[in-house]
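The values are calculated or read from the model by the stated rules, or taken from the named source; none is laboratory data. Because the structure is predicted, anything quoted here is derived from the model rather than measured. Virtual Cβ from ideal backbone geometry, glycine too; neighbours counted across all protein chains shown.
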Amino acid sequence: MSTHNTSTPANRLYGRAKGKPLSAYQAGLIETFLPKIAIDPEAPLQGLDGFAARWLEIGFGGAEHLLHRARETPERVIIGAEPFLNGVAKCCAGMDRGKLENIRLHHGDVRDVLPNLADESLDGIYILFPDPWPKSRHNKRRILSSDFIAELHRILKPGAPLYFASDIIDYVDWTLTRIDAHGGFGFAPKNKADFLSPYEGWPGTRYQKKAIREGRVPHYFIFTRQ
Ligand SMILES: C[S@@+](CC[C@H](N)C(=O)[O-])C[C@H]1O[C@@H](n2cnc3c(N)ncnc32)[C@H](O)[C@@H]1O
């Protein structure tokens, strides 16, 4: 297992960059297919005007959700950002096999992309089961810092949704506290079932299934950018 280590401590990327070796098919896709669908992190939305809407999925893991949503809505483009090579390879394979043309990828840290997105330029963002870093001494590694939340707010259009799911209650509290303190997101659940039920059309992800298997309860939120 190798880990990322980018230059500034504030933006250091923790977690896995690579897992088991890629198959020959996957390695070929990384070599030839990925360059065709990779965004330029300096100009992330370049060439995407033809789509009806532009979304972002942060940390798509095995790409189960990303591929499913792209299949559901061919009229919108979803940019996926993921530093884990094996996840990127899975996404490329799903796109290749499913002939999907509405996904673009950033193989790396989403924080390289965010500053280059214009204000109010995205129609929605998914951040599903971000790395939990449950130990208190690791909490500061959590991606949903106050600054990060402010950046997501800046790039979302007014009225656009921010999807956030987590199975770690402490991370749920952490995020709700920061969303509330930011003040620029609407969130009005009618009852508990609202955030204990998966999103409409939810395909399931590997991480979510593991959480349930291990007895944790996934929570699903949709905040609205005001
Ligand atoms: C716990 S996994 C969840 C994956 C997937 N969303 C799911 O539900 O199965 C969190 C993912 O976020 C990715 N990640 C961590 N830091 C990231 C960053 N700075 N930018 C983009 N992705 C990141 C990790 O590589 C990992 O695949």
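What the table shows:
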item: Those residues of region 96-119 which are under 21 Å from residue 221 (Cβ atoms) and either within 11 Å of the chain's Cα centre (by Cα) or outside any helix (DSSP H, G or I) (or both), in sequence order; result: 110
item: Residue identified as more than 10 Å from the ligand (Cβ to nearest atom) and in contact with a Phe, Trp or Tyr (Cβ under 8 Å, 6 or more places away or on another chain) among 122, 67; result: 122
item: Hey, residue 165 among the small types (Gly, Ala, Ser), in contact with a strand residue (DSSP E or B) (Cβ under 8 Å, 6 or more places away or on another chain) and within 16 Å of the ligand (Cβ to nearest atom) or not; result: yes
item: Subset of region 53-76 [touching an Asp or Glu at 6+ places or on another chain (Cβ under 9 Å) and of a type in the set (Val, Ile, Thr)]; result: 58
item: Where a residue in region 75-87 is under 17 Å from residue 130 (Cα atoms) and its partner, wherever it lies, is within 13 Å of the ligand (Cβ to nearest atom) and of a type in the set (Asp, Glu), with Cβ under 6 Å and at least six apart; result: 80/57; 83/109
item: Qualifying residues in region 18-64 (those that are in contact with a strand residue (DSSP E or B) (Cβ under 6 Å, 6 or more places away or on another chain) and not in a loop (DSSP other than H, G, I, E, B)) - the one surrounded by the fewest Cβ atoms within 10 Å (Cβ to Cβ); result: 38
item: Selected residue (criterion: nearest to residue 81 (Cα to Cα)) from residues of region 128-145 that are near the ligand (Cβ under 9 Å from one of its atoms) and out of contact with any Asp or Glu (no Cβ under 8 Å at 6 or more places or on another chain); result: 130
item: Number of the exception - residue 191 against (1) more than 16 Å from the ligand (Cβ to nearest atom); (2) modelled with pLDDT under 95; (3) surrounded by 18 or more Cβ atoms within 10 Å (Cβ to Cβ); result: (3)
item: Residues within region 38-83 that are more than 14 Å from residue 105 (Cα to Cα) and of a type in the set (A, V, I, L, M, F, W, C), tallied; result: 3
item: Residue ID - farthest from the chain's Cα centre (by Cα), chosen from residues in region 195-226 that are under 22 Å from residue 157 (Cβ atoms) and of a type outside the set (Phe, Trp, Tyr); result: 226
item: Near pairs, Cβ below 7 angstrom, 6+ apart or cross-chain, from region 137-164 (free of Cβ contacts under 8 Å to residues at least 40 places away in the same chain and surrounded by 15 or more Cβ atoms within 10 Å (Cβ to Cβ)) to any residue that is acidic (Asp, Glu) and outside any strand (DSSP E or B); result: 154/119
item: Out of 37, 103, 58, 79, sole residue that is away from the ligand (no atom under 16 Å from the Cβ) and among the β-branched types (Val, Ile, Thr); result: 37
item: Scope region 168-188; condition farther than 13 Å from residue 222 by Cα and surrounded by 12 or more Cβ atoms within 10 Å (Cβ to Cβ); matching residues; result: 168, 169, 170, 171, 174, 178, 182, 184
item: Failed criterion for residue 15 (all others in (1) away from the ligand (no atom under 12 Å from the Cβ); (2) farther than 30 Å from residue 159 by Cβ; (3) not hydroxyl-bearing (Ser, Thr, Tyr) hold); result: (1)
item: Residue list for region 65-82, filter: assigned to a strand (DSSP E or B) and β-branched (Val, Ile, Thr); result: 77, 78, 79
